[in-house]
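Below is one structure, written out as structure tokens, with a few remarks after it.
The values are calculated or read from the model by the stated rules, or taken from the named source; none is laboratory data. These figures come from a predicted structure and were not determined experimentally. Neighbour counts run over all protein chains shown; Cβ positions are idealised from the backbone, glycine included.
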Amino acid sequence: MNLHEYQGKEILKKYGVPIAESILIEEAGQAVAAAEEIRNRTGISVWAVKAQIHAGGRGKGGGVKIAKSIEDVALFANQILGMQLVTRQTGPEGKKVRKVLIEQGIYYPGPTQPQELYFSIVFNRNTARNVVMYSPKGGMNIEEVAEHMPEYLFTEEIDPFAGLLPFQARRIAFNLGLSGSALKSMVDMIPRIFNAYIESDANLLEINPLFKTSDDKLLVVDTKMVIDDNALYRQPEIEQMRDLHEENPLDVDARENKLNYVKLNGNVGCMVNGAGLAMATMDMIQLSGGMPANFLDVGGTADAARVEKAFRLLLKDPSVKIILVNIFGGIVRCDRVAAGIVEAYKNIGDIPVPIIVRLQGTNAREAAELISNSGLAVHSALQLTDAAALVKQFLDKLE
């Protein structure tokens, strides 16, 4: 589950991590009051007006603007709120901006040179360990640093039993090029950030930039946080932060109906029971010349109601040109599944795409007969090779 920038900052703040002063608004008319409140808190008369969407590259897309007057704050808030923001991560359709963060300016005169740092924690599945990735050259072009100046990108692997150790925090601070009070602040801040990451069940926490001000203070200026969906049952407060506007409507629908669904980029919709069978089915589709449009596991209780929900979900995807149902009847009998498919088909009405049904296992032949005798435009297959041949046949017609 992705969090907005302001939500990630709220979590970090609870752990004592210093955050740039900011106020969230949802209406342009709130911008001036927010800017004045931030000026009263900080004494700074420069503000950042920042779109809140689940995507990076907001600044390059025009979703982050620096305002040097109250009038500019009002102007930029009015421009950004409601805009369809397109970045390298949103795709050409972009995302509508429904919330804006008004934040204090971070560049101001002082005795030292300000610095943008990069700091992130991510779970490395290859080693089953969390890794701190950091760089003294943070900012909008961190990808270019990784590609062209890898010597400035450091990593620190965290032992899952020992946790983040003090010497690692000191080494990170030194490698970031900090000294004096800024170094001490960083050494204190790192375990706080790490604890926020661990205790929130995150699998990514990215701070870019982590800013050293001209008076050697450290501030989190932007953050991206991704929470493990499988851990949300023990994170009820974080689950309440979910923004459904930012998620794929198909994913939202699947979650509400308790279907295991992942949207893919193909043209053959899959409805399968069991993750292993689903993976094999997707392989078979590709070998037949098609591309799976989704991963959809209806589970072991493929009754009529569940099958109908799955059909309706698949039909909402305009890229689906064929539907392949591949059910193994172990716990559930195939004839009951077939009856559920027939009932679901009748309830939905006209289905504009071909449906191929392969039922194997207990009462598979009875299930095939039931579908064949239903009078519906459903094509039955007993073997996986038969289903593959039907998929190829319909794909050839599409061409």
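Tabulated data for the structure shown
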quantity: Residue in segment 139-149 that is in a strand (DSSP E or B) and touching a strand residue (DSSP E or B) at 6+ places or on another chain (Cβ under 9 Å) present; calculated: no
quantity: Failed criterion for Asp72 (all others in (1) touching a strand residue (DSSP E or B) at 6+ places or on another chain (Cβ under 9 Å); (2) assigned to a loop (DSSP other than H, G, I, E, B) hold); calculated: (2)
quantity: Failed criterion for Ile323 (all others in (1) hydrophobic (A, V, I, L, M, F, W, C); (2) at pLDDT 90 or above; (3) over 25 Å from Leu398 (Cα atoms) hold); calculated: (3)
quantity: Qualifying position, being out of contact with any helix residue (DSSP H, G or I) (no Cβ under 8 Å at 6 or more places or on another chain), surrounded by fewer than 18 Cβ atoms within 10 Å (Cβ to Cβ) and modelled with pLDDT of 90 or more, among Gly91, Gly110, Gly59, Gly82; calculated: Gly82
quantity: Residue within segment 2-14 that is assigned to a strand (DSSP E or B), of a type in the set (Val, Ile, Thr) and touching a Leu at 6+ places or on another chain (Cβ under 8 Å) present; calculated: no
quantity: In segment 358-383, the residues that are part of a strand (DSSP E or B) and on the phi < 0 side of the Ramachandran plot; calculated: Arg358, Leu359, Gln360, Val378, His379, Ser380, Ala381
quantity: Members of segment 19-45 found to be in contact with a helix residue (DSSP H, G or I) (Cβ under 9 Å, 6 or more places away or on another chain) and of a type in the set (A, V, I, L, M), listed by number; calculated: Ile19, Ala20, Ile23, Leu24, Ile25, Ala28, Ala31, Val32, Ala34, Ala35, Ile44
quantity: Condition broken by Glu206, with the remaining ones in (1) in contact (Cβ under 8 Å) with a residue 40 or more places away in the chain; (2) more than 16 Å from Ser135 (Cα to Cα) satisfied; calculated: (2)
quantity: Arg358, sole failed condition from (1) farther than 28 Å from Gln286 by Cβ; (2) at pLDDT 80 or above; calculated: (1)
quantity: Conditions (1) of a type in the set (Gly, Ala, Ser); (2) buried (at least 17 other Cβ atoms within 10 Å of the Cβ); (3) touching a Phe, Trp or Tyr at 6+ places or on another chain (Cβ under 8 Å); number of the one not met by Ser214; calculated: (2)
quantity: Residue within segment 87-94 that is in a strand (DSSP E or B) and either basic (Lys, Arg) or over 17 Å from Ala48 (Cα atoms) (or both) present; calculated: no
quantity: Residue in segment 283-327 that is surrounded by the fewest Cβ atoms within 10 Å (Cβ to Cβ), counting only those that are of a type in the set (Lys, Arg) and outside any loop (DSSP other than H, G, I, E, B); calculated: Arg312
quantity: Filtered residues of segment 95-147 (kept if closer than 19 Å to Ile53 by Cα and of a type in the set (A, V, I, L, M)); calculated: Val97, Val100, Leu101, Ile102, Met140
quantity: Any chance Arg234 is of a type in the set (Lys, Arg) and over 14 Å from the mean Cα position of the chain (by Cα); calculated: yes
quantity: Leu264, sole failed condition from (1) among the hydrophobic types (A, V, I, L, M, F, W, C); (2) free of Cβ contacts under 8 Å to residues at least 40 places away in the same chain; (3) closer than 30 Å to Gly82 by Cβ; calculated: (3)
quantity: Search result, residues across segment 97-129 that are more than 24 Å from the chain's Cα centre (by Cα) and outside any strand (DSSP E or B); calculated: Gly105, Ile106, Tyr107, Tyr108, Pro109, Gly110, Pro111, Thr112, Gln113, Pro114
quantity: Residue list for segment 337-359, restricted to those being among the charged types (D, E, K, R) and either surrounded by fewer than 19 Cβ atoms within 10 Å (Cβ to Cβ) or within 31 Å of the chain's Cα centre (by Cα) (or both); calculated: Glu343, Lys346, Asp350
quantity: In segment 321-366, residue farthest from Thr385 (Cα to Cα) [restricted to those that are in contact (Cβ under 8 Å) with a residue 60 or more places away in the chain and of a type outside the set (Lys, Arg)]; calculated: Val353
quantity: Number of positions in segment 130-157 that are surrounded by 12 or more Cβ atoms within 10 Å (Cβ to Cβ) and within 21 Å of the chain's Cα centre (by Cα); calculated: 6
quantity: In segment 383-394, the residues that are at pLDDT below 85 and either more than 14 Å from Leu324 (Cα to Cα) or surrounded by 15 or more Cβ atoms within 10 Å (Cβ to Cβ) (or both); calculated: Leu384
